[in-house]
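I have placed the structure first, in the form of C-alpha cells, so that the comments after it can refer back to it.
The values are calculated or read from the model by the stated rules, or taken from the named source; none is laboratory data. Just so it is clear, the structure is predicted and the values come from calculations on it, not from any experiment. Here the Cβ positions follow ideal geometry from the backbone for every residue, glycine too, while neighbour counts run over all protein chains shown.
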Amino acid sequence: MTDISSISRSELAARRQKLRRQRRWRILQTSWQVFAISGLAFGAVWLATLPDWVLRDPAQVKIKGNKVLTPDTIRSLLAIQYPQFLLALEPDAIAQRLEDSQAPIAEAHVIRHLFPPSITVHIQERYAVAVVYMIPAAAPNPQQKIAPSAEPIPISLLDDRGYILSYEKYVSLNNPATYRP
C-alpha cells in the first residue's frame with residue numbers, strides 16, 4: 001500500500017481530470033440514449049396518429065369471396081361511418097356484425113392495411129339449396145283440402161348446413177336475376 005504523501009500533486013490533478021472526463025462521457029452517453037429513446041417514442045406516437053390512416057370513402061373497403069352478394073351490398077352491411085380512423089376500427093367486431101346480420105354470410109374476416117389505408121373483407125356466403133313453401137289456406141270447403149288455384153308462397157330458404165335464411169331478406173340483398181325459386 002502506498003503512502004498518501006508519496007503521491008504528487010500532479011498525479012492527483014491528472015487523476016481528477018481523468019475522472020471528470022469519464023463522468024462527462026457517461027453524461028453524454030446517457031443524454032444521447034434519452035434523446036434517442038424520446039425520439040423513437042415521439043415518432044411512434046406520430047405514426048400511430050398519422051392523419052393519412054383514415055378511411056374516407058367506401059372505395060377503400062375491398063370485398064373478396066363474394067359471388068352472389070354485390071360489394072356495395074356488403075359495404076352497406078358494414079355500417080362504417082366515413083371518415084373513420086383506421087386504428088379505431090375493430091376488425092373482429094365488424095366480422096361478427098356481418099356474421100350476425102340477416103345476410104347470407106357464413107364467415108367473415110376483416111383485415112386492416114396501413115399502406116395504403118384500407119380494409120379487406122373476406123367473406124364466405126351461404127348458398128340456398130332448398131326453398132320452404134307455405135301453401136295458402138283454402139276456402140272452407142269440406143270436400144277440398146287445398147284450393148286448386150292456390151300457389152305456394154316461398155317463406156324461407158335453407159343452406160347446405162341447414163341454416164334458415166329469410167326469403168325476403170335473401171332476395172332483397174341478392175341480385176334478383178341470379179336467383180329464381
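Filtering Leu28, Leu40, Leu78, Leu89 for residues that are farther than 28 Å from Lys169 by Cα and under 30 Å from the mean Cα position of the chain (by Cα) leaves a single hit, Leu40.
Restricting attention to segment 31-90, the residues that are in a loop (DSSP other than H, G, I, E, B) and aromatic (Phe, Trp, Tyr) total 2. If you go through segment 94-124 and keep only what is touching a residue at least 60 places away in the same chain (Cβ under 8 Å), surrounded by 14 or more Cβ atoms within 10 Å (Cβ to Cβ) and over 23 Å from Tyr170 (Cβ atoms), you end up with Pro117, Ser118, Ile119. Does Ser76 satisfy the criteria of being among the hydroxyl-bearing types (Ser, Thr, Tyr) and modelled with pLDDT of 90 or more? Here the answer is no, as Ser76 does not meet what is asked.
Considering (1) of a type in the set (S, T, N, Q); (2) loosely packed, with under 10 Cβ neighbours inside 10 Å; (3) under 28 Å from His122 (Cβ atoms), the lone condition that Ser6 does not fulfil carries the number (3).
Candidates in segment 50-66 are the residues that are closer than 30 Å to Leu158 by Cα and touching a residue at least 60 places away in the same chain (Cβ under 8 Å); of these, the one that is farthest from the chain's Cα centre (by Cα) is Gly65.
Cβ separations smaller than 7 Å between residues 6+ apart or across chains give no pair from segment 162-180 residues that are under 21 Å from Arg75 (Cα atoms) and hydrophobic (A, V, I, L, M, F, W, C) to residues that are at pLDDT below 80 and not in a loop (DSSP other than H, G, I, E, B). Right, Leu47: surrounded by 10 or more Cβ atoms within 10 Å (Cβ to Cβ) and in contact (Cβ under 8 Å) with a residue 12 or more places away in the chain or not? Judged against the criteria, Leu47 is not a match. Scoring Ile94 on the criteria (1) outside any helix (DSSP H, G or I); (2) at pLDDT 90 or above leaves a single failure, condition (1).
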